[in-house]
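As C-alpha cells, the structure follows; a few thoughts come after it.
The values are calculated or read from the model by the stated rules, or taken from the named source; none is laboratory data. No experiment lies behind these values; they were computed from the predicted model shown. Ideal geometry is used to build each Cβ from the backbone, glycine not excepted, and the neighbour counts take in all protein chains shown.
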Amino acid sequence: MNKTSADVKDTIHKGLLFFTGLQGKDGSWRGEYGGPQFLLPMYVAACHIAKRSIKQGQKESMIRFLKHYQNPDGSLGLHEEDSACMFTTALGYVALRMLGVEKKDTQAAAMRKWMHDNGTALGAASWGKFILAVLNLYSYDGLHPITPEMWLLPYSVPFHPGRFWCHSRMVYLPMSWLYGKRAQAPADELTLELRQELYDADYESIDFSKHKDTICPCDNIYPLSPFYKAASKLLQTYERRAGGTLREKALDEVYKQISFEDQATHFIDIGPVNSVLNTLVHHFHSPGGPEENKSFAALDRYLVNTPEGTKFNGYNNTALWDTAFTTQAILSTPFVHEFRHSLQNAFDYINKNQVLEDVPQASLHYRHRSKGGWPFSDVEHGWPITDCTAEGFKAAKELSPWVKQPMESSRLRMAIELILSMQNPDGGWASYEKKRGGDWLEHLNPSQVFSAIMVDHSYVECSSACMQALSKARGMFGTDMDRKIKRAMSRANAFVRKTQRADGSWYGSWAVCFTYGTWFATTALLAAGAKNSDHALQNACGFLVAHQNPDGGWGEHFSSCTEQRWVKSGSTAVQTAWALSSLVRCGLANTAAAKRGATFLMRRQQEDGDWPEEPLVGVFNKTTLIDYENYRRYFPIWALAEWDREATDLRASTLE
C-alpha cells in the first residue's frame, strides 16, 4: 500500500488525538512505572510488620499481579520479563502467604518447589536476605554488616556513604539503622510456618552465619568482589564489639538523616525501596507514631491498579518526564494550534513543578543544590535530576510563544545555572548529583543483582539532555553566561565523542539500549555544532542502518544491557522511533532506511491512534527493566513529525 505525506500527517494527528485525551486535570501526562518484581513484596512485608491491614479487594488484586508474572517453572524474575531470581521469588512467596494465599495453592506450591530445587531462600541476593531478616525469617548473623557508624566518619574519607549514588545511600541509610538495631518483627504463627516453607531444614538448626556468601547462581549477576569481602570481614570484627554510646550516636545520626529525607520529600522519599525501609525505621523507632502514619500514607502513592493487578511503581509518578517529552513531541508537529489548550495545561504543570528553593543545610545532608531544577515526577518529591531539569527547561522555553504568560527569564536562568553546577570533571553529567567518588567504589557493591550503583557516573543520556538545554540557552543570559556555556559544551562534546563505541554506537544506561544511547548522543553532537558529515555521526547512522530489521523497524532485547552488545529482537515502535529520529536529525530523512522505519511506525499504529503494548524498554543498573508506558505514544509521533518535515521528496512521490 502506498502512503503519502497526508497519510503520515493523519498518523500523527490520530496519535495526538488519542494521547492528548490521556492528559490529566493537572496538565500532566503520567504512566505506569512498574517492572521490578521486588517492590510490591517489600510493601506487603512492611504492612505485615506494622500490622497495617490491606483491604480485601486490594489483596486479591496484589495476588493476581504476583501470580500473573510467575514463570512457568514457578519462579519470579527480577523484573516482569526476567527468568528466575531467588531474591524476588522468596519475597514474592512470602508476600503471597501474607496476603492470605494458602500453602497448598497450586502456584504457591510451584514457587516453593522452585526455591527448594534451587537451594532455598538461603541463596537469595542480599536485599532479599535483608528483608527476610527484618521479617524474622532469616538471621542477621547471615548478613554482611551494614554498619551505621560509617555515617560518623569524616566526609573526607573516600568511602563515606555520603559519596555514594543517592539512590544507594538512601537505601543503605535505613538498612544501616535496622541492621544496627537488629530490628525484627516478633514471630507469629505465620512466621513459624514460613520458616519451615522457605528452607529444606529445620529453621533452628540452620547456622545462618555460614550463609553470608551463599548465593543462587541466577542471583549472582555481579558477584561480591574480594575487596568487598575483605572489607566485610573487618566490619564483622568491629560488629562483635559494637554497641554502647558510639552505636547509639551512630543510630541517632542515621535517624536524623532519614528524618531529613522524609521532610524534604513530604515522606515520598527518593524512591520506593528507601520509602519502604524508612517506613520500617519509623515503625521500630516510634510504633504507630505520626512519622509511621505519614510514611504509610506516602507509600500509597506508589500503588497503581492495572489490568494485571495492583503493582508498586518505581517512582511516585512519571509526570514531569512524560509531560516535558510530550510537549516537545507536540511542538514538532504541524498541529500545534489545534492542541494549544493541551500545551497551555502542560506548561502550567511544568511551571508549577520547578524546584525554587534549595533544601536547608544541604551540605549536612549530602545534598547538591536544588534551586532551579525539575524532578522526574513533581515538586513535592523535590529531588532534581540533570536530564529532567534539562527537559523541563527545553519544554518551558519552547512553549514560550504558545502560552499566555511564559516562564520568567530568571527561573530559566536558575535551571541553566543548576545544570552548569552539576557537570562532572570528565565533561559529562550524572543523574542527581556530581560524581562524588572513584570508580573503585563499585568494588564495594553489595547488591549482587545490580551494577554501577555505588557512584553517580556520567551518562551519555543525561549529558545529551544537558547539552541540548545549554545549546538552547545561548544568547539568553548575557556574554558571561555564554562563555560558561561554551566551556561546558566543549568539555561535554569531548565526553560524548570519547564514549562512542568502535561500532559507531553509544551504550544507553536508562533504556534498551543502543538505539536509546545513540539517539541521545547524536543529538548531543548536533547541539554542540557537529555537521551531518561528521565522522562520529556517519558511523552512528551506519550502525543503526546495519541493525535495521527486515520489517523496517528496530528492536533490541533487554540482554543488550547486560551483555553490552546488540542483541537482536523483534521491532518495537519505541526503538524504531529513536533510530528513525537519529537518522532524520543526521540528515538521512530521504534514505530508504528512514522511509522503511517511518512505514513501520505507521503500520504499527492502532485504529484508535495508540501504539500497542510492547516489551519493556526502560532499564536501570543494567539488569532491571522498568515500564515507561508512554514512550510508545509520544516518541513515534515525534519521530514521524521530524521525518515528515525533513523528507522533502515525500511530497513528490509515494512511500512504499
Q. Exposed (fewer than 13 other Cβ atoms within 10 Å of the Cβ) and basic (K, R), is that true of K210?
A. yes
Q: Keeping to segment 412-448, report how many residues are in contact with a Ser or Thr (Cβ under 8 Å, 6 or more places away or on another chain), assigned by TED's automatic domain parsing to the domain that holds A492 and either of a type in the set (A, V, I, L, M) or within 30 Å of G123 (Cβ to Cβ) (or both).
A: 5
Q. Assuming G508 fulfils every condition listed in (1) buried (at least 22 other Cβ atoms within 10 Å of the Cβ); (2) assigned to a helix (DSSP H, G or I); (3) not aliphatic (A, V, I, L, M) apart from one, which condition is it?
A. (2)
Q) For segment 214-241, which residues satisfy the criterion of being modelled with pLDDT of 95 or more and either outside the structural domain of E291 (by TED's automatic domain parsing) or farther than 30 Å from T624 by Cα (or both)? A) L234, Q236, T237, Y238, E239
(Q) So, in segment 557-615, how many residues would count as being without any contact (Cβ under 8 Å) to a residue 40 or more places away in the chain and of a type in the set (A, V, I, L, M, F, W, C)? (A) 2
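Yes/no matrix, rows are residues, columns are (1) outside any helix (DSSP H, G or I); (2) crowded, with 21+ Cβ neighbours inside 10 Å:
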residue: K51; (1), (2): yes, no
residue: G57; (1), (2): no, no
residue: S61; (1), (2): no, no
residue: D82; (1), (2): yes, yes
residue: T89; (1), (2): no, yes
residue: V94; (1), (2): no, yes
residue: Q107; (1), (2): no, no
residue: H116; (1), (2): no, no
residue: G119; (1), (2): yes, no
(Q) I'd like the residue in segment 95-108 that is touching a residue at least 24 places away in the same chain (Cβ under 8 Å) and not polar (S, T, N, Q) and, out of all such residues, is nearest to I54 (Cα to Cα). (A) L99
Q: Among residues belonging to segment 373-395 that are among the small types (G, A, S) and buried (at least 24 other Cβ atoms within 10 Å of the Cβ), point out the one that is nearest to the chain's Cα centre (by Cα).
A: S377
**Q.** Verdict on M1 being in a loop (DSSP other than H, G, I, E, B), over 27 Å from the mean Cα position of the chain (by Cα) and either over 23 Å from A511 (Cβ atoms) or at pLDDT below 95 (or both)
**A.** yes
Q: Spot the failing condition for V455; the list is (1) of a type outside the set (F, W, Y); (2) in a helix (DSSP H, G or I); (3) touching a Gly at 6+ places or on another chain (Cβ under 8 Å), and only one is missed.
A: (2)
Q. Looking at A488, is it in contact with a helix residue (DSSP H, G or I) (Cβ under 7 Å, 6 or more places away or on another chain), aliphatic (A, V, I, L, M) and in contact (Cβ under 8 Å) with a residue 40 or more places away in the chain?
A. yes
**Q.** Total residues in segment 600-656, condition more than 25 Å from A452 (Cα to Cα), modelled with pLDDT of 95 or more and not charged (D, E, K, R)
**A.** 18
Q | Candidate set from segment 297-328 (those that are in a loop (DSSP other than H, G, I, E, B) and of a type outside the set (V, I, T)); member that is nearest to L625 (Cα to Cα) | A | G314
Q) Can you name every residue in segment 319-344 that is buried (at least 19 other Cβ atoms within 10 Å of the Cβ) and among the polar types (S, T, N, Q)? A) T323, T326, T327, S332, T333, S342
**Q.** Residue within segment 629-652 that is part of a loop (DSSP other than H, G, I, E, B) and under 19 Å from the mean Cα position of the chain (by Cα) present
**A.** yes
Q: Restrict the check to segment 559-568 and report whether at least one residue is acidic (D, E) and touching a strand residue (DSSP E or B) at 6+ places or on another chain (Cβ under 8 Å).
A: no
Q.
As an exercise: evaluate Q405 against (1) crowded, with 17+ Cβ neighbours inside 10 Å; (2) on the phi < 0 side of the Ramachandran plot; (3) among the polar types (S, T, N, Q); (4) part of a loop (DSSP other than H, G, I, E, B) and give the number of the one condition it does not meet.
A. (1)
Q) Can we say S370 is in a loop (DSSP other than H, G, I, E, B), in contact with a Leu (Cβ under 9 Å, 6 or more places away or on another chain), in the same structural domain as A465 (by TED's automatic domain parsing) and surrounded by 18 or more Cβ atoms within 10 Å (Cβ to Cβ)? A) yes
Q: Check K352, K294 and return the single one that is surrounded by fewer than 23 Cβ atoms within 10 Å (Cβ to Cβ), over 21 Å from the mean Cα position of the chain (by Cα) and outside the structural domain of L17 (by TED's automatic domain parsing).
A: K294
Q: Within segment 218-272, track down each residue that is among the small types (G, A, S), free of Cβ contacts under 8 Å to residues at least 24 places away in the same chain and assigned to a loop (DSSP other than H, G, I, E, B).
A: G243
Q: Identify all residues within segment 605-628 that are of a type in the set (G, A, S) and in a loop (DSSP other than H, G, I, E, B); write none if there are none.
A: G609
Q. Somewhere in segment 460-471, is a residue surrounded by fewer than 20 Cβ atoms within 10 Å (Cβ to Cβ) and free of Cβ contacts under 8 Å to residues at least 60 places away in the same chain?
A. yes
**Q.** Pair list, Cβ < 8 Å and 6+ apart or interchain, from segment 37-64 residues that are more than 21 Å from A133 (Cα to Cα) to residues that are part of a helix (DSSP H, G or I) and modelled with pLDDT of 95 or more
**A.** S53/C47; I54/V44; I54/C47; I54/M62; M62/L40; M62/V44; M62/A95; I63/L96
Q) What pairs come up if the first residue lies in segment 120-140 and is in contact (Cβ under 8 Å) with a residue 24 or more places away in the chain and at positive phi, the second is part of a loop (DSSP other than H, G, I, E, B) and surrounded by 23 or more Cβ atoms within 10 Å (Cβ to Cβ), and their beta carbons are under 9 Å apart, counting only those six or more places apart or on different chains? A) T120/C216
